[in-house]
1. Just checking the output field for A:171-180: average partner chain Cβ neighbours within 10 Å of each residue's Cβ?
2. Let me make sure I get this right: for the range B:1-53, a, b and c are the square roots of the gyration tensor eigenvalues over alpha carbons, sorted descending. Under 1.5 in a/c it's rounded, otherwise prolate if a/b > b/c, else oblate. Which is it?
3. Can you give the Rg to Rh ratio of the range A:241-324, both from alpha-carbon atoms, with Rh computed by the Kirkwood formula?
4. Among bridges DSSP assigns within chain A, what percent are antiparallel (round to 5)?
5. Evaluate peptide A:139-147: per residue, the Cβ atoms of other protein chains within 10 Å of its Cβ; return the mean as an integer.
6. May I ask you to derive the relative contact order of chain C, considering only C-alpha pairs under 8 Å and at least 6 residues apart, and to give it as an integer percent?
7. Work out the FRET efficiency for residue C:80 and residue A:29 from their Cβ-Cβ distance, taking R0 = 60 Å, and round it to the nearest 0.05.
8. Mind checking B:270-281 for the average number of partner chain beta-carbons within 10 Å of each residue's beta-carbon?
Ligand code: NA
Ligand code: NA
């Protein structure tokens with residue numbers, strides 16, 4: 001048997017962790033490949049998300065659930081799969097991910113000695129505010145929690161004040177008014193009880209928070225070609241399940257956060273749902289073109305001059321955007 | 001996944017190393033390295049650098065040196081000294097005198113600090129010199145500081161509660177509110193114990209100083225204002241939404257700095273001593289925390305916390321028996337894990353048990369935090385013990401801190417019992433406020 | 001017993017590093033104070049006070065480890081060691097110095113590797129400031145290297161003393177005694193002046 005040491009997603013993402021745990025426990029059966037897996041959510045073993053790629057390369061874990069945005073610290077190229085404002089719904093995000101996958105995998109193999117098994121989103125990242133808003137225009141002058149350079153660039157373009165806070169500080173910050181708004185997925189907000197401290201939900205998605213399962217190449221190459229194919233088929237099923245959840249669970253979490261009658265599987269709260277106007281969608285596109293893409297171009301081309309060219313041919317082509 | 005036998009051997013090896021006088025941090029590190037080398041292979045060890053950086057590069061932990069520096073400046077500018085004098089005027093003749101002030105000050109400070117570590121460092125630095133000078137029983141004094149500081153994670157805000165809430169899908173707002181009544185009750189129990197002990201052994205409660213004339217005592221009440229100003233600054237900036245808890249610590253430092261300037265107590269020599277002291281204490285704590293997080297990483301991968309939790313689950317018993325088993329489990333685990341790591345490692349496996357037995361998750365959060373408080377003041381790995389030892393003005397054996405904390409650990413266990421008997425201690429206030 | 005000549009030579013450097021780290025924390029307080037006021041009254045955020053806070057803590061730890069080691073401030077339990085004779089104490093104090101050096105060397109090696117990785121990847125902090133990670137890590141890894149150097153020299157000295165002079169070994173590498181602590185405290189109290197009434 002090939003032993004597989006797996007670092008999973010964060011334990012507060014209980015549903016994702018439950019799926020992963022079950023998947024890896026049954027992997028030998030479902031794929032027919034002789035593996036023995038040991039699984040731990042990443043935070044349970046004290047692993048920080050930005051270290052994921054380095055840990056994969058050094059072989060601390062065989063398989064890791066990676067938050068692409070955080071892991072992009074070591075290579076901004078990966079962030080290109082889901083830049084702020086490029087894919088504003090799950091369908092267009094899936095096209096972008098499929099378009100970028102090959103280049104992404106190549107880069108991961110050559111620089112971090114690891115291979116892509118799955119790529120999938122948590123779900124749309126939307127705005128939660130602790131005061132009345134009716135459109136993106138109302139973000140002017142508000143303090144909004146930001147955690148990436150691209151997001152700060154977008155918020156500044158919108159006239160908001162980006163505030164950096166550690167995740168554990170966001171809840172009290174929203175409660176006490178240190179920050180006025182935070183951006184996360186409806187499901188994460190629900191499990192983190194954000195609706196307790198926020199009142200208005202603007203469901204305009206700025207990204208999908210893409211995640212992936214990556215495997216150390218040395219481990220991967222222990223398998224025969226048939227075994228690799230069998231494992232890839234199993235991983236494809238896992239990937240599809242995660243995409244389904246991003247789409248379906250998000251709808252229910254939105255309903256529950258806003259106290260709608262069809263709320264089923266999440267905690268019910270009473271937030272006000274804000275309608276998205278066409279002007280808001282337009283504004284996000286503007287922000288992406290004017291602020292997000294130029295910033296990313298600078299960072300990514302500094303590491304690899306062909307970066308934006310690759311992006312234009314892949315994600316850019318399906319999204320109808322070009323970085324000059 | 002390794003067996004319970006190997007896990008317990010590792011534990012006894014660690015204990016042996018510590019007892020042989022190997023530095024505590026190194027003992028943790030060596031056992032982690034041994035486990036990793038035997039069961040996980042070399043690559044696992046190599047990540048130590050990245051992991052140490054990630055663990056240290058943490059704004060929330062930055063509150064530790066900030067709160068220590070705040071305390072050092074207040075201390076070295078004579079402000080806390082005068083505060084204690086003013087309090088001594090009024091409380092000196094109570095049985096236990098300033099020890100009560102000490103608990104009250106810890107409680108007050110806890111309401112602005114989310115961590116027991118910061119509370120222990122600050123109250124310890126502020127209170128210990130005055131207390132030792134007033135002739136209080138050494139062990140009782142040290143125990144009061146170590147135990148009083150555990151209030152830091154029970155009385156809101158509490159970093160531990162925030163982590164528990166987000167991992168177990170429990171309302172953090174309700175958890176915060178749920179900690180208030182048990183926190184106040186714990187203060188009352190601590191003070192009751194001090195009063196009783198000091199009635200039995202009057203000389204433990206410090207010298208009974210001659211009472212100053214009323215006018216003088218009233219005049220000295222002004223000496224209570226500077227610390228109250230700092231508390232108001234730290235607390236107010238959080239409650240009015242100006243700052244996060246860590247940021248409020250920095251405001252506290254600036255406030256203390258301003259007070260020292262006003263009192264013309266600020267000199268380069270004094271400043272340097274305060275800064276060096278802050279660096280010394282912080283790095284002593286952080287070396288242990290680095291090793292503890294590495295140990296947590298290796299035993300987490302080996303599945304030891306899960307193995308132990310599974311043992312608890314498989315025994316199959318009544319709700320009460322399970323709770324008592326969990327008490328025992330956390331007492332044992334608390335011997336070799338730092339509290340945050342311990343919580344993070346066990347919550348995912350313990351929560352299914354909690355749900356299975358129909359235990360209220362808000363109540364369990366309070367229960368868990370009180371057990372973490374016990375762990376903070378019980379050897380061999382009790383963070384508060386080491387911090388209080390670190391800030392002791394006259395040094396001495398760490399056994400003084402351990403013995404002094406023991407009765408307070410018993411009182412904490414008594415509170416656990418009360419909480420099991422009367423769940424409403426935790427649940428009444430959240431029900432009142434959240435419906 | 002005279003002062004440890006090795007410690008006496010190394011301490012000024014360690015003190016200087018620790019003072020730098022201390023001033024870093026002080027500067028951080030000012031930065032955070034500015035951040036809070038600007039955010040509250042002018043709706044401007046400096047974005048990064050928290051990031052600098054993280055760096056300050058990591059560097060403080062690395063810079064502070066060596067001074068704490070030279071002053072024998074890292075926690076050790078004395079229950080057993082306190083009851084042994086000169087020879088037993090010497091053996092355990094030597095092992096303590098040796099194991100501390102081993103840990104410090106390992107930590108420094110991995111810290112330098114982490115720094116080299118960050119340079120190699122051109123890693124940027126995943127924050128709005130996009131700080132090149134190697135800048136703060138350079139100071140951090142430098143501090144860890146100095147810590148390893150100090151721990152290594154102390155271990156070499158302890159090894160030499162184990163053969164040559166066990167009394168000095170126990171005095172210079174043992175757990176601090178009560179009287180030593182009190183003596184140091186009295187020096188501090190002298191500086192406080194008015195505090196002693
Ligand atoms: Na608190
Ligand atoms: Na303990």
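1. 6
2. Taking the square roots of the gyration eigenvalues as a ≥ b ≥ c, the range B:1-53 is oblate.
3. Taking Rh as the inverse mean 1/r over Cα pairs, Rg/Rh reads 1.16.
4. 55 percent
5. 2
6. 27 percent
7. 0.70
8. That average works out to 6.
Each value in this text was obtained by applying a stated rule to the coordinates, not by laboratory testing. No experiment lies behind these values; they were computed from the predicted model shown. Don't worry about glycine lacking a Cβ; one is built from the backbone with ideal geometry, like all the others, and counts go over all protein chains shown.
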